[in-house]
1. Only one of these conditions is not met by residue 9: (1) outside the structural domain of residue 145 (by TED's automatic domain parsing); (2) part of a helix (DSSP H, G or I); (3) under 24 Å from residue 173 (Cβ atoms). Which number is it?
2. In region 96-114, how many residues are over 10 Å from the mean Cα position of the chain (by Cα) and farther than 13 Å from residue 26 by Cα?
3. Checking residue 89 against (1) among the β-branched types (Val, Ile, Thr); (2) exposed (fewer than 15 other Cβ atoms within 10 Å of the Cβ); (3) free of Cβ contacts under 8 Å to residues at least 24 places away in the same chain, which single condition isn't satisfied?
4. Take the residues of region 39-95 that are of a type in the set (Val, Ile, Thr) and under 20 Å from the mean Cα position of the chain (by Cα): which is farthest from residue 27 (Cα to Cα)?
5. Here are the criteria: (1) under 30 Å from residue 30 (Cα atoms); (2) under 14 Å from the mean Cα position of the chain (by Cα); (3) in contact (Cβ under 8 Å) with a residue 60 or more places away in the chain. Tell me which single one residue 134 does not satisfy.
6. What number goes with the only condition from (1) touching a residue at least 24 places away in the same chain (Cβ under 8 Å); (2) within 14 Å of the chain's Cα centre (by Cα) that residue 159 does not pass?
7. For residues in region 41-59 being among the small types (Gly, Ala, Ser) and part of a helix (DSSP H, G or I), which is surrounded by the fewest Cβ atoms within 10 Å (Cβ to Cβ)?
8. Please specify each residue of region 63-86 satisfying the condition of being under 19 Å from residue 162 (Cα atoms) and buried (at least 20 other Cβ atoms within 10 Å of the Cβ).
Amino acid sequence: MGARETNRESRERALLEAAIESFAELGFSEVRLSDIAKRAGMTAGHLSYYFPSKSELLRRAIEMSEGRLIEDARAALERLERPEDRLRTLIDLSLADRVRDPGWLLWFQVWAGAALHPEITESHHALDGEWRALLRQVIDEGIAAGGFRAEDPDATAAAIASMLDGLSIQLVLEAPGYGPERIRAIADAAVAALLGLRDA
């Protein structure tokens with residue numbers, strides 16, 4: 001890779017990191033491209049050169065943020081053998097862990113943007129599909145090992161993923177009674193019921 005390509009990737013990465021922080025702090029509709037450029041130590045002209053629109057910047061930002069998390073999830077799963085442990089790890093990585101969790105605030109912007117921008121919708125579906133595929137893989141492994149039960153693994157994976165999303169939203173928005181320990185306890189109980197788990 002030449003110096004020009006390396007420099008371009010470095011600038012794009014810096015702009016995307018700044019965009020992730022800015023979207024989480026200010027929201028898609030409020031943040032200005034000049035704010036993002038300034039945070040990255042560049043000019044608005046630089047940003048426009050690499051990213052022609054704010055929606056494209058949001059799309060690339062969530063792809064980078066979630067792409068790293070999915071890579072971390074795959075690496076973590078490879079280190080574990082028991083489906084029960086792999087499932088716990090996916091739950092850990094999926095749930096928000098604090099109020100105003102930056103990763104989840106970024107997802108809020110993606111959900112809002114997806115309603116108006118088809119390219120964001122496409123990225124949302126692809127990333128969501130990757131997470132659900134990982135979850136389905138672990139469920140299938142647990143069923144094969146005899147530890148999980150699910151008549152419809154696809155529906156079960158969808159139910160678990162949707163439940164984790166909903167609990168995370170409650171925590172991120174600081175809903176009364178939904179602290180980190182509480183949402184984890186609810187998630188564990190719901191997953192155990194959906195998969196017929198006993199204490200693992």
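The values are calculated or read from the model by the stated rules, or taken from the named source; none is laboratory data. Because the structure is a prediction, the values reported are computed rather than measured. No Cβ is skipped: glycine too gets one built from the backbone with ideal geometry, and neighbour counts run over all protein chains shown.
1. Result: residue 9 passes all but (3).
2. Going through region 96-114 one residue at a time, the tally reaches 9.
3. (2)
4. Start the filter on region 39-95 by keeping residues that are of a type in the set (Val, Ile, Thr), which leaves 43, 62, 70, 89, 91.
Next, only the ones that are under 20 Å from the mean Cα position of the chain (by Cα) stay: 62, 70, 89, 91.
Values: 62: 13, 70: 24, 89: 29, 91: 26 Å.
The selected residue is 89.
5. For residue 134, the failing item is (1).
6. Residue 159 satisfies all of (1) touching a residue at least 24 places away in the same chain (Cβ under 8 Å); (2) within 14 Å of the chain's Cα centre (by Cα) except (2).
7. Of everything passing the filter in region 41-59, 45 is surrounded by the fewest Cβ atoms within 10 Å (Cβ to Cβ).
8. First, the residues of region 63-86 that are under 19 Å from residue 162 (Cα atoms): 66, 69-70, 73, 86.
Residues satisfying the conditions are 66, 73, 86.
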